[in-house]
Amino acid sequence: MHIAIIGAGVSGLLTALELVEQGCQISIFDQQQSGQAASWAGGGILSPMYPWRYPQAVNTLAQYGKSMYQTWNEKLLPITGIDFEIHDTGMLIFDEDDFDIGLNYADCHQEPMQQAEYLTRDGLDQINPWIDSKLQHAIYFPKLSNIRNPRLLQSVINYLKQHPLVSFFENRPIVKFQLQQHKIQYVVDQAGNKFAADQFVIATGAWSQHWAKQLNLDIPVQPVQGQMVLFKAPANWLPTMCMNNVMYLIPRQDGHIVCGSSMSHCGFDTTPDPKIKQNILDACLEMVPELAQFPIVKQWAGLRPSSPTGVPYIGAVPDANNLWMNVGHFRNGLCMGPASAQLLRQLMLEQPTLTDSTAYSPERLKTDQLVIG
Ligand SMILES: Cc1cc2nc3c(=O)[nH]c(=O)nc-3n(C[C@H](O)[C@H](O)[C@H](O)COP(=O)(O)OP(=O)(O)OC[C@H]3O[C@@H](n4cnc5c(N)ncnc54)[C@H](O)[C@@H]3O)c2cc1C
C-alpha cells in the first residue's frame, strides 16, 4: 500500500515510521524542510503540564510517550547515531492551588508516571539546590522526563531517509486534494504537480484549517504561538524540571535549559517578542535566580496546533474513503506523538487499537465548538 503523508512534524513523521515498519510505501510532503515547525520548537516534556487540567483522552495517549520513545530510540540509535536523550529529571511544581489534586491524581487515575510527593523546604534543598528561598514547598513528580525533540526529529528523519520504502518531498506545499466520489485521487502541490497514492494522511499541525473548505468540514485547529528562551549552563547543573504558573525550565543533559512558554494568538507569526521574553525570564528567574549568571544562547517561537479541548483528531476523515488525519495536539503533541501515530496506523491497517479510538474520532469535526484557546 502506498501512503502519502502531508506534514513532516512529529505527527507525520511518527505516522510514517509506524506505517513503514508494517511494510507500507510512504511519500511524505512538507511545505518547508522536515521537522522545523512546532515539533522542533516545543519543550519535550513527556507529560501534559498539570495533567488534571486536561481531558482523560489526552492523558491516555501521553502515558505511552516515554516507553514508546525509549523503544524507538533503542531501535533507531544504532542506525542513525542520534540519541533523543530521554532525560529523567523529575519535575517540581510550585503552584500551591494544585498541590492537593496533584498529590492524589496518580492514585485516582492509575497513571504511575504521575506519582507525586509533597516537599518542604528541606526536601526541596535535597532535590534541587537552586530553588529560590522564597519558595518554601513544592510537589515533586520524580518519574517525569523530557526528550530532546530536535534530536528526535533528526533521528526519525535520518532513519526514514535511509529507508528504501520512503520518499521525502520537502519545500513542497500541498495545496489541494483531488476528490472524486468520496475518494482522494491525488494531491496537488503549489507548482501544479500531482501525486497519487492509495491512502492519504493529513498531519499539517497548526495549518490544518486550510483543508476545511475543500473537505466541507469545520476544522477548528488554529495556531497558538509559544515563545522559548534557551540558556547554557554547565552539564547537569539544574537537576529537575521546574514549573510555576504554566512557566517552566527544562534541563537538557549538556546544560542547555529551555525556558518557556507563552500563549499568543497572532496568526502564523513566529517572531519572538521582547516583552514576552522578559515575562519568561521573570517567571523562570523567580524559581531559579542563579540562572541569570548564564548566557542566553537562543530564542524562538513556534505554533501549537490548538484544538478546542486539546484532544487531537486521529482517524478517518468523514465522507472520504481513503483520507486520514492526525492533527490538533495543541500543547501535548510530543508526549502524545508516539501513541497517536500508533493508533492511526492501527486504524488504517484495521488492527486492534491500543485504546478505544472514539474520543479522537474526526467525526467530531462535524460538531466541535471552540472551548479553550
Ligand atoms: C513553545 C512550545 C512548547 C511546547 N512544549 C511541548 C512539550 O513540552 N511537550 C509536548 O508534548 N508538546 C509540546 N508542544 C506542542 C508540540 O510541539 C505540538 O503539539 C506538536 O509538535 C505538533 O506536531 P505536528 O506534527 O502536529 O505539527 P508541526 O510540528 O507543526 O508539523 C506540521 C508540519 O506540516 C507542514 N505543513 C503544513 N501545511 C502543509 C501543506 N499544505 N503542505 C505541506 N506541508 C505542510 C508544516 O510545514 C510542518 O512541518 C510545544 C509547542 C510549542 C510551540
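For the reader, a short list of remarks on this structure follows.
- Accessible surface, the stretch 1-129, averaged per residue in Å² (probe 1.4 Å): 38 Å²
- Rg and Dmax [Cα atoms of the chain; Å; Rg one decimal, Dmax integer]: 20.5, 67
- Dipole in debye (nearest 20) - the chain, about Cα centre, beta carbon charges: Lys, Arg +1; Asp, Glu -1: 1140 debye
- Column: log10 I(q)/I(0), Debye, Cα scatterers of the stretch 189-315, q = 0.16 Å⁻¹: -0.86
- Percent breakdown of C-alpha pair distances by 10 Å bin, ordered from the shortest bin, for the stretch 251-326: 14, 34, 25, 17, 9, 2
- Solvent-free Debye calculation, one equal scatterer per alpha-carbon of the stretch 238-373: log10 I(q)/I(0) at 0.13 Å⁻¹ equals -0.72.
- By the Cβ-Cβ criterion of under 4.7 Å, the unpaired cysteines of the chain are 24, 108, 242, 266, 335.
- Carbon + sulfur, % of accessible area of the chain - ligands and nucleic acids excluded, 1.4 Å: 48 percent
- Ranked by how many other beta carbons lie within 10 Å on average, peptides 14-26, 113-125, 330-342 from highest: 330-342, 14-26, 113-125
- Convex hull per residue volume in Å³, alpha carbons only, for the stretch 1-126: 156 Å³
- Charge sum, other residues only, whose C-beta stays under 14 Å from residue 346's C-beta, Lys/Arg counted +1 and Asp/Glu -1: -3
- Cα Rg, Dmax, the stretch 162-233, angstrom units: 16.3, 58
- Against the main long axis of the alpha-carbon atoms of the chain, helix 99-109 sits at an angle near 40°.
- Ordered by solvent-accessible area of protein heavy atoms (1.4 Å probe), largest first, the residues 108, 284 come out as 108, 284.
- Close amide H pairs (under 5 Å, H built 1.01 Å from N) link residue 224 with 304, 306, residues at least 5 positions away or on another chain.
- Helix 65-80 and the longest principal axis of the Cα set of the chain meet at an angle near 70°.
The values are calculated or read from the model by the stated rules, or taken from the named source; none is laboratory data. Worth saying up front: this structure is predicted, and the values here are computed from it rather than measured. Backbone-built Cβ (ideal geometry, glycine too); neighbour counts: all protein chains shown. What goes into the accessible areas is simple: the full protein's heavy atoms, side chains included, and nothing from ligands, DNA or RNA. Shrake-Rupley method; radii C 1.70, N 1.55, O 1.52, S 1.80 Å.
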